[in-house]
1. Of the residues that make up region 227-246, is at least one outside any helix (DSSP H, G or I), within 19 Å of residue 56 (Cβ to Cβ) and out of contact with any Ser or Thr (no Cβ under 8 Å at 6 or more places or on another chain)?
2. Of everything in region 40-62, what is hydroxyl-bearing (Ser, Thr, Tyr) and buried (at least 22 other Cβ atoms within 10 Å of the Cβ)? Give them in sequence order.
3. Cβ contacts < 6 Å: first residue more than 15 Å from residue 98 (Cα to Cα), restricted to region 1-15; second residue in a helix (DSSP H, G or I), any location; separation 6+ or different chain. Result?
4. Tell me, yes or no, whether region 185-197 has at least one residue that is under 27 Å from residue 286 (Cα atoms), of a type in the set (Ser, Thr, Tyr) and touching a strand residue (DSSP E or B) at 6+ places or on another chain (Cβ under 8 Å).
5. Name the single residue, out of those in region 197-210 being touching a helix residue (DSSP H, G or I) at 6+ places or on another chain (Cβ under 9 Å) and modelled with pLDDT of 90 or more, that is nearest to residue 238 (Cα to Cα).
6. Which number in (1) within 28 Å of residue 43 (Cβ to Cβ); (2) open to solvent by 70 Å² or more (accessible area, probe 1.4 Å) marks the one condition that residue 270 misses?
7. Within region 221-248, restricting attention to residues that are farther than 17 Å from residue 291 by Cα and among the β-branched types (Val, Ile, Thr), which residue is least open to solvent (accessible area, probe 1.4 Å)?
8. Which of (1) open to solvent by less than 80 Å² (accessible area, probe 1.4 Å); (2) over 26 Å from residue 252 (Cα atoms) does residue 166 not meet, given it meets every other one?
Amino acid sequence: MVKTEMRDAKAFSNFLSIITRFVSQGMFTVDKEKTTFYSINPSEFPSTRLELETNIMTLKEGSFFKQKKEEIAVTAVKLSFNELQKFRANLDIMETFHKMNSFDFSVDISTLASKGDQSENPPGMYVAQKLYFHEDECKINQFCVEENVVKKMSMKKLTRDLEHKISFDIDPSMLSLIQSKTANFVDLEKDGSIYIYPDNNIMKIELGARNVSFSNNVILKISDSYEGNLIDTDTPEIIIHKTGYDILNILRTNEKNGLHCKFSPKYKVLEVTSSIEDQDKSWWIKSKIITSQVKGK
């Protein structure tokens with residue numbers, strides 16, 4: 001049998017709500033340590049990619065399938081859904097009718113390499129066809145889609161060394177304050193850009209349009225300090241798209257200085273990592289937003 005262990009269904013529902021702020025479909029990879037979700041959404045979030053990992057749902061120890069009376073070990077499964085909201089609805093049904101926050105899902109997997117998907121996977125990893133839970137008073141069957149259905153939104157984890165030149169931390173409460181208090185002053189959708197740069201030992205954020213006459217703009221402190229510098233690079237400041245700026249704190253972490261930022265002039269990308277966990281530290285969620293430098297207005 002192949003099973004996934006759900007430690008906290010409410011927390012995983014929140015994990016799905018985090019994902020659906022960015023994309024409506026995609027693929028999960030579940031192994032014995034964690035669940036990963038790597039995604040892009042070029043139409044709504046241009047120049048930005050999202051990497052999420054959590055240990056809320058993991059592959060059950062001892063998962064296997066039988067083939068010609070032989071037990072074949074399963075080390076990871078891929079779950080692809082074209083409507084992630086239905087996965088959340090599945091968990092809501094479990095909470096309402098099964099009345100348990102932790103449980104196991106059973107998984108039907110594909111073992112046919114002729115389908116095309118399995119041949120691209122490493123040994124021990126299989127493609128899920130169905131996720132289900134069967135008990136007398138509650139039976140749910142949720143079917144997965146083929147990988148190619150969500151291929152445009154899915155990606156692999158970025159492993160390249162980005163060669164960061166400057167790093168700094170942002171307090172999420174400060175970012176939220178800046179975003180809320182400046183939204184009605186500077187129209188970033190219409191005539192503004194987001195510039196972030198070091199100045200006098202602090203990091204500043206500038207919102208507005210430098211190339212538009214009589215345009216409102218505001219410059220504020222966004223971080224108390226930084227390490228490294230942008231001297232002798234062709235990108236002395238970081239300019240990002242509004243859509244990436246809006247979701248820098250996609251986890252809604254409230255940890256002081258909980259947004260860890262690094263910038264690579266070579267690849268012209270800003271990387272922002274953050275994490276949240278429950279009080280007992282029984283589960284965690286980690287995020288990485290990678291957003292590309294854009295041309296300022």
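The values are calculated or read from the model by the stated rules, or taken from the named source; none is laboratory data. Owing to the predicted nature of the structure, the values given are computational and were not obtained by experimental measurement. Here Cβ is always computed from backbone atoms with ideal geometry, including for glycine, and neighbour counts include all displayed protein chains. Just so you know, the surface numbers come from the protein's heavy atoms only, side chains and all, with ligands and any DNA or RNA stripped out. Shrake-Rupley method; radii C 1.70, N 1.55, O 1.52, S 1.80 Å.
1. Going through region 227-246, the residues outside any helix (DSSP H, G or I) turn out to be 227-241.
Next, only the ones that are within 19 Å of residue 56 (Cβ to Cβ) stay: none.
The answer is no, given that none of the residues of region 227-246 is outside any helix (DSSP H, G or I), within 19 Å of residue 56 (Cβ to Cβ) and out of contact with any Ser or Thr (no Cβ under 8 Å at 6 or more places or on another chain).
2. Pass one, region 40-62, residues hydroxyl-bearing (Ser, Thr, Tyr): 43, 47-48, 54, 58.
The answer is 48, 54.
3. 13/88; 13/91
4. First, pick out the residues of region 185-197 that are under 27 Å from residue 286 (Cα atoms): 194-197.
This time we only want the ones that are of a type in the set (Ser, Thr, Tyr), so: 195, 197.
Those still in the list that are touching a strand residue (DSSP E or B) at 6+ places or on another chain (Cβ under 8 Å) too: 195, 197.
Looking through region 185-197, at least one residue is under 27 Å from residue 286 (Cα atoms), of a type in the set (Ser, Thr, Tyr) and touching a strand residue (DSSP E or B) at 6+ places or on another chain (Cβ under 8 Å).
5. To start, the set of residues in region 197-210 that are touching a helix residue (DSSP H, G or I) at 6+ places or on another chain (Cβ under 9 Å) comprises 205, 207-209.
With the extra rule that they be modelled with pLDDT of 90 or more, the set shrinks to 205, 207-208.
Values: 205: 9, 207: 12, 208: 14 Å.
The extreme case among them is 205.
6. (2)
7. In the first step, residues of region 221-248 are kept if they are farther than 17 Å from residue 291 by Cα; the result is 221-234.
So of that shortlist, the ones also among the β-branched types (Val, Ile, Thr) come out as 222, 231, 233.
Details: 222: 8, 231: 114, 233: 40 Å².
My answer is 222.
8. (2)
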